Each structure stands twice: as structure tokens, then as C-alpha cells.
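One structure is given below, encoded as C-alpha cells.
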Amino acid sequence: MENIGALALILAFCLAIYSFVASIVGAWKKKPFLIASGERAVVAVFAMITLSVGILLYALVTSDFRFAYVASHSNRDMPVYYKVSSWWGGQEGSLLLWNFVLICYGLVVVLQNRKKHRPIMPYVTATLMATQIFFLVLNVFPASPFQMLAQGRNIVEVQDGNGLNPLLQYWTMLIHPPILYMGYVGFVVPFAFALGSLIVRQPGDSWIHTTRRWAIVTWFFQSTGILLGAGWSYAVLGWGGYWVWDPVENVSFLPWLTSTAFLHSVMMQEKKGMMKIWNIVLVAATFFLCVFGTFMTRSGLVASVHAFATSDIGKYFLVFLTAGIAFTIYMILGRLDYLKSESELESVVSRESSFLFNNLVLLACCFATLWGTLFPVISEAVSGEKVSVDAPWFNRINIPIGLFLLFLTGVGPLLAWRRASAESIKRNFLAPFLAMLVLMAGLAVAGVQHFFALTTFGLCLFVAWTIGAEFWKGAGAIARKESIGLMPAMVALTHRNTRRYGGYIIHMAIVVMFIGFAGAAFNKDITVEVEEGKAFHLGRYEMKVVKVDTGQTDNYVWQNATVEVKVGGEQYATLTPERRIYSQSQQPVGAVKIHRRLNEDLYLNFAAISSEAQRPIIQAYVFPLVTWIWIGYWVLFVGSIICLIPSKVKMSYAKTEVVGMAGANAKVAK
């Protein structure tokens, strides 16, 4: 069976090479049969990779410990769903997951465009297969998941495996890596179409229209993957945070920033024929940052709880990144005339300029995060001494940048295209600006003294007001015209231009998340060694450990503390944080308990048992407003789905978007 799996990967590798060559030669020599053959080879690559995935999964589920990968990342007593998630729990399996997701995207692209975009499709196929060849090289040669345990020339089988890393035995890890990969692998599709359009000098913006939904879908998966990772960190690692500017967190954030910039600036190319170079650069940067992030987690350059073990595959990534970036730059420089803007920026105070500022600020955040992540590596290479960059440095740089982005989120929709008059600025911004000042003053009087928290709450109100005003004006016009209620009118308004109003809902999701982020300014914590029956306090909470229990499952030994929580002398909650020691790895892992409320979370971690007195050591935290981050995700989910629904009205309503909503007479398309 292992030979079939390895052979399937080798065949997939050979077929991917054939598809790449056939597509290029077919386009060059104008041989349609070669182009079609290259596309059919994509289907064969899909079949071979799927076969190899099926064999690895079978080995994991059946605990076939002849496989080195199965012995390293699974064990008999793990539940079946964790055995399945062991697929992406290690280096070799996660690369196979990348290959599988990539070929699934490639298959969909080829099948979807059998009769469309024929001039650029050979180059799209070739780009997809070039990327596939690279990742198959990794799985076929240095990181094969089908290596067997051997003693001399004989294959041996151990009695049990090491098991999946206990930190990964949590429900979000069943879906976090696949969803994250669906986001980051998926951006190869917009990149492939962009590169194809450059190669053939395709007139117009058809590659933009073709990849618009691809970009939205992959951006949504990126966002979902990042937030699932944040939720895992919050609920599993025991320190209570959801983001600590860990290097691997950072490299997942970088392509999200550039893809967000791309989704905004692409509208400028569609409506004004501007920012064409921006869009090519942004879509390429997003793709290469996705590959760079994969390189960082696998090369051993950075230390992280998220990273894989050190390996020698980093040099393969460096070759691929260098060659890919060099070719892309060459193509862009050779097509500058093709990428010339059709319009010019007429005023700094306009919607066009807001898109430009948005891109500049997002890229500034991307550069700052990239520099802070790589600085320890650079400092060690230059001076021989690794100088670490900690979370406070990232916060000092990125919090002001984030607040400015939040401000632009509220300003952009209300600025007119081409040039905004002083009168329209006063009319659109006076009310939300005054409301922001009143809220900030009220919070300051109430005792909120943290500058960034005050600013965040004020800007959140400002942005929410401007977004609400857009819905209110448009829906009000429809309600009056069609004599319907305000809520049905809002639904009708959104359906007429789903991309625009779905985008506003996503902006509102960012507002809700920022409310949650601001709560971090008021966090409280305490670590105590407590005797059973003795109370301790944190803020308004009185907590008492009433008993400590022990037990065992097939997979781990556990010990938990039952903690009664009172507020104002009244029973509030009973929480049972747990400490586990996994049988195979003997690694201690906490299972925290969280009492979630809209205003704040009470978070308890059973850290240890004191060595002398054998008393439980409890870490207690109060995290205000964290729940709003997770609420914000569901708002983002709704907005993303709406963006993908075709608009009921297209051309007539699109014109309204240019002239209507920023002015006094917010017209609605008829």
C-alpha cells in the first residue's frame, strides 16, 4: 500500500510536469490539442494526489505504525477524528494537504473555464502546475509521507505511536488548518489569471472580473483561518491571549493584509481604470507571501508553538520564491505600457484617494510586521546575536496604523468620486464626528483613561454611524418609493448591489472586532496557590476551590479543580479547569474553563500542583469584551456570503454608486 501511495505522488509529479510543458508549448505553437491535453493532465494529477491522500488517511485511521509518519503523529487511543487531523499535524502530511487543496482548486479552474478565457488559460494552467510541481517535489523527495520504519532492510512496526501533539487535540484544529490552507493556497488562482493576462497583454479588465469571486472566497477563508487560530490560542494555550505577534501568526497575517488591499484597489481598476500596477503587485505579493509563510513555518528560522520541526526544505522554498518573484517582476516591467492608468487622481479629498491611502496604510502595516518578524533572523545573520522583537514593539507600531485604517473605513464610503466639496464633507461627517467626541468625553468622565481604548471606541461609533447612514439613506429612498417597511427596503437595497453593501457589512464586522480588541486595555489577572475551601478575589469575582478530582481516559490522565464563583455574595458560576498528562508524550496540557459574557470573560487555568504543599495553582483572568471579536466574525461571515450573491441590479445601480450616496441626493436605481 505504501508503494502505491509513493508511486501515486511520483505519477502526479510527472503528470504535472507534462501539463506545464504541454500548456506552454501548446500556447506557443498554437496547438489546441496540446492545450487540451495539458488541462486533462490536471484531472489525472487530481486523481493521483487523491489516491495518495486516501492511502495516508487509511494508514492513520487503522493505526498502521509501519509508516514513520503515522508512528510520529498518531497513536491507538486517539479518537478517530484526531487520527484524521494527524494528516496535517506534521510536516509531510501538511505538505500533502497543501498539494491536495492546490490540485482541487486547479481542477475547478480548468473545468470552469473549458470554454472561457481561452487565450490566457494555457498560462493559467501552466502557473497552477508550476506551483503544483514545486510542492510535489517536496512531497516526493525530502518530505515523503510514505517513508516506512525500517531496521536494516526490513520494514518494522512499533506497538504504538507518539500521538498527535496534545496542543492540537482541540476541536478547532480539526478545521483550522484545512480552512487556512483553502485561503492561502487559493490565492494562486487570482495570481495565475493576473500572470496570464500579463503574458498575453489581454485587453480590458477581464482577469479582474474572472477572479473577483475567487479573491473574495479565498480572503474569507484566510479570515476564518486566522480567527480560528486566535480562538484556539485563547482556549488552549492557557495564557488567555488570542494574539501575541508570534512569528507564525505574523506570516499568516501578512497575505491577509495584501489581499485586503487588493480587494479594495481592484474596484478602482473596474470603475476608473486606475491602479493597474497596484493590483498586479498586490495579487502577486499575496501569493508569494502565502508561500513565504509556509517557508517560515517549516524552515526552522523562527521558534513558535505553531511551527513544524526544523528541516532542510527551506532551500527549496528560497529557490522557488526567488525564481517566481524574479519572473513576475520581469513581466511587470515588460508590460508597463499595458498597465498604464486610464485616469488620474483629481483630488486628495475624494473616494479615489481614500482607496490609495487604504492601500498605503495596509502595506505599511504589512512591512512593519514583516520587518519585526524577520529582524531576529537578520540581526543574527549580521551580528551573530539574535535580537528578539516582542509584542509591545508590534503594538506600538500597528495599533496607530490599525486605528487609522478604522478611520478610513468610515471616511471612504462618504467621500464623493473625483472631488468632495467642503459642503458635502460637512454634511456627511459633522454628525458622526460630534457623536464620536461626545462618546469619548463620556467614557473619559466615566473613568476610561486609556488613550488607545478611548480612541478605538470613538472611531467605532464614527464608522458604525457612517455605515448606518449609507443603509439608512438608500433604504429610506426605496421604502418611500415602493411603500414598504425599512427592513424589507434594506434587504432590497443590499440585493441591488450585494458587493457594495456586503462590503459595508464586513466593515461593520471590523468595527465589532475592534470593540473586542479595545477590551484588552482593561485585562486583569492573578496567579494563586490556594488551599481547598479558601477564597481568593479578582475584580468583582470571589472564587473558591471546593475540591480537586483525578481520573483517567484511554488517552490521558486528568486532574481538575472545581471552582465556585460568586459576585456580590451571590452564586455566579462553577468552573472546572483541568490539567491533563497525555499517555504517549507525557506532556502536561491545561484545559481551561471560560465563563463567557458580552461584557467580559472569566477565564480559569489549572496551571499546576505545587510541589511542596500539593495545592492547586490557579491562573485567573478577566478579559473584557473578548466575545465581541467572535461576534464580529459572524458578521463578517454574513457580509462575505452577501458579497458572493449576484446583484439584482448591475449597471444602473453601479452608476448610482459613483454619484449618489456621497452627495445630498442619495438616488436609488430604478
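What follows is calculated from the coordinates using simple rules that are stated; it is not laboratory data. All values reported here derive from a predicted model rather than from experimental measurement. Ideal geometry is used to build each Cβ from the backbone, glycine not excepted, and the neighbour counts take in all protein chains shown.
Using alpha carbon centroids, what distance separates the range 234-288 and the range 570-643, in Å?
Cα centres, the range 234-288 to the range 570-643: 29 Å.
Which whole-number percent gives the relative contact order of the range 522-627, counting Cα pairs below 8 Å spaced six or more residues apart?
Details: 264 pairs, mean separation 27.3, N = 106.
Once normalised by length, the contact order is 26 percent.
Multiply the residue gap between A364 and I641 by 0.36 nm, knock off their C-alpha separation, and tell me the result in nm, one decimal place.
Working: separation 277, 0.36 × 277 = 99.72 nm, distance 2.88 nm.
Between A364 and I641, full extension yields 96.8 nm more.
With r as the distance between the Cβ atoms of Q552 and L336 and R0 = 60 Å, compute the FRET efficiency 1/(1 + (r/R0)^6) and round to 0.05. Walk me through the numbers on the way to the answer.
Working: r = 68 Å, r/R0 = 1.13.
Between L336 and Q552 the formula returns 0.30.
Aspartates and glutamates near K29 by alpha-carbon distance under 19 Å, same-chain residues fewer than 8 away left out - which ones?
Partners within reach: E39.
What are the radius of gyration and Dmax of the range 73-117, computed over its Cα atoms and given in Å?
Expressed in Å, the Cα Rg and Dmax of the range 73-117 come to 15.7, 51.
Give the calculated FRET efficiency between V158 and A444 to the nearest 0.05, with a Förster radius of 60 Å applied to their Cβ-Cβ distance. Numbers along the way, then the final one.
Values: r = 64 Å, r/R0 = 1.07.
The pair V158/A444 has a calculated efficiency of 0.40.
Amide H to amide H, which residues 5 or more places from I609 or on other chains are under 5 Å from it, using H placed in the peptide plane?
I617
Rounding to the nearest 20 debye, state how big the charge dipole of the range 417-576 is about its Cα centre with +1 on each Lys and Arg Cβ and -1 on each Asp and Glu Cβ.
Numbers: 16 positive and 12 negative charges, 297 e Å.
Magnitude of the dipole: close to 1420 debye.
Gap in Å between the Cα centre of the range 387-415 and the Cα centre of the range 127-149?
Here the two parts' Cα centres lie 38 Å apart.
About its Cα centre, what dipole magnitude does the range 166-363 give when the only charges are +1 on Lys and Arg Cβ and -1 on Asp and Glu Cβ, stated in debye to the nearest 20?
With only Lys, Arg, Asp and Glu charged at Cβ, the dipole is about 300 debye.
Grab the beta carbon distance between Q147 and V43, set R0 = 25 Å, and tell me the FRET efficiency rounded to 0.05.
Efficiency computed from Cβ-Cβ geometry: 0.35.
Amide H neighbours of L538 under 5 Å, counting only residues 5+ apart in sequence or on other chains, H built in-plane at 1.01 Å?
Distant-sequence amide H within range of L538: M543.
Return the ratio Rg/(2.2 N^0.38 Å) for the chain, where Rg is computed over Cα atoms only. Can you show the working numbers first?
Numbers: Rg = 27.3 Å, N = 670, 2.2 N^0.38 = 26.1 Å.
So the Cα radius of gyration is 1.05 times the expected 2.2 N^0.38 Å.
Considering only the other residues whose Cβ falls under 12 Å of the Cβ of R212, what net charge follows from Lys and Arg at +1 and Asp and Glu at -1? Write out the running numbers ahead of the final one.
Working: positive: R213, R499; negative: D205, E270.
Value of the local net charge: 0.
Rounded to the nearest 500 deg cm²/dmol, what is the calculated helix-only ellipticity per residue at 222 nm for the chain, with -39500 (n - 2.57) per DSSP H run of length n ≥ 4? Please list the in-between numbers first.
Working: 20 runs with 407 residues, N = 670.
Only helices count here, giving -21000 deg cm²/dmol.
Hey, any idea what Rg/Rh is for the range 522-627, computing Rh the Kirkwood way over Cα pairs? Kindly include the intermediate steps, with their values, before the conclusion.
Working: Rg = 14.1 Å, Rh = 14.3 Å.
Ratio of gyration radius to Kirkwood radius for the range 522-627: 0.99.
Over all directions, average the projected area of the Cα convex hull of the range 166-363 and note it in nm². Don't jump to the answer; show the numbers that get you there.
On the way: hull surface 48.9 nm².
For the range 166-363, the mean projected area of the Cα convex hull comes to 12.2 nm².
Going down the list K524/K544; K272/K426; K524/K547; K276/K315; K340/K426, which pairs span over 29 Å between their C-alpha atoms?
Working: K524/K544 18 Å; K272/K426 26 Å; K524/K547 25 Å; K276/K315 33 Å; K340/K426 35 Å.
Long pairs (Cα-Cα over 29 Å): K276/K315; K340/K426.
Just how large is the dipole of the chain about the Cα centre, in debye to the nearest 20, putting +1 at every Lys and Arg Cβ and -1 at every Asp and Glu Cβ? Don't skip to the answer; put the middle values down first.
Working: 52 positive and 37 negative charges, 640 e Å.
Magnitude of the dipole: close to 3080 debye.
Relative to the present Cα-Cα distance, how much length would full extension add between L598 and M487 at 0.36 nm per residue of separation?
On the way: separation 111, 0.36 × 111 = 39.96 nm, distance 2.55 nm.
Between L598 and M487, full extension yields an extra 37.4 nm.
Please report, in Å, the Rg and the Dmax of the range 1-164, where both are computed over Cα atoms only.
For the range 1-164, the Cα radius of gyration and maximum Cα-Cα distance read 17.9, 58 Å.
Give, in nm to one decimal, the length gained when the segment between F33 and I401 is fully stretched (0.36 nm per residue of separation minus the Cα-Cα distance).
Working: separation 368, 0.36 × 368 = 132.48 nm, distance 5.21 nm.
That pair, F33 and I401, stretches by 127.3 nm at full extension.
Could you work out Rg/(2.2 N^0.38 Å) for the range 146-263, with Rg from alpha carbons only?
On the way: Rg = 20.1 Å, N = 118, 2.2 N^0.38 = 13.5 Å.
With N residues counted in the range 146-263, Rg over 2.2 N^0.38 Å equals 1.49.
Which whole-Hz ³J(HN,Hα) couplings does the range 593-599 yield from phi under the Karplus relation 6.51 cos²θ - 1.76 cosθ + 1.60, θ = phi - 60°, glycine and proline marked x?
10, 10, 9, 8, 9, 4, 7
Scan around Y572 for amide H atoms under 5 Å from its own, H built in the peptide plane at 1.01 Å from N, and keep only partners 5 or more places away or cross-chain.
V565, K566, V567
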